[in-house]
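Enquirer: Quick one: the structure is below, and I'll ask about it shortly.
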Amino acid sequence: MSRSLKKGPYVVEKVFKKVLKQKDSGSREPIKTWARACTIVPEFVGHTFMVHNGKLFHKVFVVEDMVGHKLGEFSPTRMFRGHTEAKKAAAS
Amino acid sequence: MPRILGVDLPNDKRTFVSLRYLYGIGKTVALELCAKAEIDPQTKAGQLTEDQLSRLAGIIEADYVVEGPLRRQTQQNIARLKEIGCYRGSRHRRGLPCHGQRTKTNARTRKGPRKTVAGKKSVKEMR
């Protein structure tokens with residue numbers, strides 16, 4: 001189910017303001033944020049974000065293709081390191 | 001056998017059923033096509049005239065993405081997701097479902113045939 005067009009994309013004000021501020025000053029420092037639900041709008045392209053995943057911040061450099069996705073999609077919250085092979089060793 | 005865009009349509013099925021043998025054409029589009037080409041969807045595909053066939057082919061080529069181009073489009077969309085490194089892309093890369101389905105059980109379409117792990121507790125034992 002997509003969001004109603006009337007409301008427009010969900011963009012977190014704070015993040016958006018910070019991006020605009022960076023645009024003015026021309027600095028490209030990573031923006032630290034917890035706003036994983038914030039939609040990536042065209043203004044974000046070329047900026048770097050540090051997106052929280054519940055534990056640490058993932059560096060996300062926004063390219064044009066990412067527009068329309070949410071920031072959180074680029075900061076995985078689960079880590080899968082593979083299954084153990086210990087069972088085999090224990091049996092022998 | 002009438003041919004449309006290089007695909008054989010079965011003779012003895014009704015037109016709107018036959019059209020679905022093209023990749024990218026389902027029930028809705030098939031009926032839409034029949035309406036646009038002013039063909040009775042109930043006539044058997046084998047009885048379509050050359051003129052009707054070319055009309056159908058013309059409409060499909062002009063307004064719809066089917067077969068090869070559609071397959072390519074889908075592949076490109078998936079490649080895009082993989083490239084930008086988003087969650088859905090990583091799910092595609094690992095061959096797991098992308099729409100938030102459970103993977104503890106089921107998800108066999110994406111994961112393929114079961115790989116039994118020796119020593120792993122079965123569902124029965126867990127109870």
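Enquirer: When you check residue B:116 against the structure, is it exposed (fewer than 15 other Cβ atoms within 10 Å of the Cβ), within 14 Å of chain A (Cβ to nearest Cβ), among the hydroxyl-bearing types (Ser, Thr, Tyr) and not in a helix (DSSP H, G or I), yes or no?
Expert: yes
Enquirer: Having 2 or more residues that are surrounded by 12 or more Cβ atoms within 10 Å (Cβ to Cβ), in contact with a strand residue (DSSP E or B) (Cβ under 8 Å, 6 or more places away or on another chain) and not β-branched (Val, Ile, Thr) is the bar; report the helices (runs of 4 or more DSSP H) wholly within segment B:1-109 that clear it.
Expert: Those helices (runs of 4 or more DSSP H) span B:50-63.
Enquirer: Within segment A:3-60, can you find the residues that are more than 12 Å from the chain's Cα centre (by Cα), aliphatic (A, V, I, L, M) and outside any loop (DSSP other than H, G, I, E, B)?
Expert: Result: A:19, A:20.
Enquirer: Which numbered condition trips up residue A:2, out of (1) away from chain B (no Cβ under 11 Å); (2) surrounded by 11 or more Cβ atoms within 10 Å (Cβ to Cβ); (3) of a type outside the set (D, E, K, R)?
Expert: For residue A:2, the exception is condition (2).
Enquirer: Could you figure out which of (1) out of contact with any helix residue (DSSP H, G or I) (no Cβ under 8 Å at 6 or more places or on another chain); (2) closer than 20 Å to residue B:82 by Cβ; (3) in contact (Cβ under 8 Å) with a residue 24 or more places away in the chain; (4) of a type in the set (A, V, I, L, M) isn't true of residue A:79?
Expert: It is condition (3) that residue A:79 fails.
Quick note: the coordinates plus some simple rules give every number you see, no bench work behind them. Just so you know, these numbers come straight off a predicted model, no measurement behind them. Positions of Cβ are generated from backbone atoms using ideal geometry, with glycine treated the same way; all protein chains shown enter the neighbour counts.
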